[in-house]
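To start, the structure itself, in structure tokens.
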């Protein structure tokens, strides 16, 4: 049974990385669809989101099954608990990528964002893609230096998010209400995407460093 | 040790209910602050959010400790897993209440929402408060009929959320960009708050009905 158990544990980690990679692809396509007004790419993000949802639900099932049947301890327990704690956030990152793609689709063939803000959104999009790639790398390597890099990226995204509001609320803003709504939502989505990545990364930090009670002490 | 264990399990459930009650108070105060432009109430929501965050983190610690030391099975395991799966969403509901309060504080002494949309936001706020109260009740009773009531409330909130955009994008909208931004964010917060409540409620459903592997089958 130990072999089955070790195989299941490896599967938990592999599935986490797999979902994270799908999220990375989703945000890459979503931001491209958003910035280039590419409706077929937007539709592919929207169609693919169900896969992320199903994988996240399946991961929860697997993790709960391991807890019920194998009663893991120490590092093994941490792996399983981490999966349970982060699966919903990964799913949510996929949802946000989908929301960004939906904005692109609604506005097609127009672009969602007026010219004055396109460079800002292009940068936010690139940073979201980078933060997603770093998250996959962190899950695969557990190298906590990556968390620090992610925090720096998140800080920059927060700055850009604030700058979007500065632009929209400034005297030079020429957008109509629909532009203002779209830009507000889009900026919020880009910012939240990175927040979720950071929140997952912090739980990986806990996985690596966690001060866990030893079995038998209860 | 069994007694300690049963006491810890009870504590997990009590703390879940406790956090849910604090979230209920937070959204009650936040929507009041938002609708009445009550800055001191807004500040109290903002100040109290750290307590929800700390309780959610503490609940995770408790749940992980039980998993490590007690290796619970069956229903006991489901309770602990549910706590781990919902604590982040409860914390997030508290954050959203804080965001609503922050909007009220930024705009004080003005109201955040122009007259034409005040009735809509008053209703959304009441529904968010009701959904939070129902969530507490569901956690306390595990009566799944409450989940159905919550879904109905969530549907109505979604309708109101759509109606806000209809108003903002309609010809009659007189708001400036700042009004449009605030209303967009506020509507999104009200809608997301209920979404989180539903997502937690679904996990309680799983707790009650979950088809879990029996121990020893691995």
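Things to note:
- Using alpha-carbon coordinates, inclination of helix B:177-209 to the longest axis of chain B, degrees: 20 degrees
- Along principal axes, Cα extents of the stretch B:118-158, largest first, whole Å: 35, 15, 8
- Spin-label pair residue B:209-residue A:151: with each label point 7 Å from Cα along the Cα-Cβ axis, the two points sit 4.3 nm from one another.
- Against chain B, whose longest principal axis comes from its Cα atoms, helix B:2-36 is set at around 0 degrees.
- Counting from the shortest, the label point at residue A:17, 7 Å from Cα toward Cβ, is 4.4 nm from the same position in each remaining copy.
- Acute angle (nearest 10 degrees) that the helix B:145-169 long axis makes with the longest principal axis of chain B, alpha-carbon atoms: 30 degrees
- Rg/Rg_globular for the stretch B:80-164, with Rg_globular taken as 2.2 N^0.38 Å and Rg from C-alpha atoms: 1.27
- For the stretch B:82-126, convex hull of alpha carbons as volume per residue, Å³: 72 Å³
- Across the stretch A:39-116, the mean sequence separation of Cα contacts (distance under 8 Å, 6 or more residues apart), normalised by length, yields a relative contact order of 48 percent.
- q = 0.06, 0.07, 0.08, 0.12 Å⁻¹: log10 I(q)/I(0) that the Debye formula gives for the protein assembly as shown, counting C-alpha atoms only: -0.26, -0.35, -0.46, -1.04
- Surface/4 estimate of mean projected area, convex hull on alpha-carbon atoms of the stretch B:2-209, nm²: 11.4 nm²
- Relative contact order [Cα under 8 Å, 6+ residues apart], the stretch B:2-209, whole percent: 29 percent
- Look at B:130, A:141 and count the other Cβ atoms within 10 Å of each Cβ; fewest to most, that gives A:141, B:130.
- Per-residue extension of 0.36 nm, minus the Cα-Cα distance of residue B:10 and residue B:118, leaves a gain of 34.7 nm for this segment.
- The Rg/Rh ratio for the stretch A:1-119, using Cα coordinates for both the radius of gyration and the Kirkwood hydrodynamic radius, is 1.16.
- Spatial offset of the stretch B:167-203 relative to the stretch B:69-125 amounts to 14 Å, using the alpha carbon center of each.
- Inter-copy label distances at residue B:169, shortest first and taken from points set 7 Å along Cα to Cβ: 2.5 nm.
- The simple Förster model, with R0 at 22 Å and r as the Cβ-Cβ distance, assigns residue B:47 and residue B:21 a FRET efficiency of 0.80.
- Considering only B:170, B:94, B:65, the Gaussian network model of chain B with Cα springs below 10 Å gives its largest mean-square fluctuation to B:170.
- Entry note, the stretch B:65-188: relative contact order of 26 percent, from Cα contacts under 8 Å with a spacing of 6+ residues.
- Kirkwood Rh and Cα Rg combined as Rg/Rh, the stretch B:44-107: 1.17
We did not get these values from a lab; they are worked out from the coordinates using the rules stated. Bear in mind the structure is a predicted one, so any value in this text is a computation, not a measurement. Here Cβ is always computed from backbone atoms with ideal geometry, including for glycine, and neighbour counts include all displayed protein chains.
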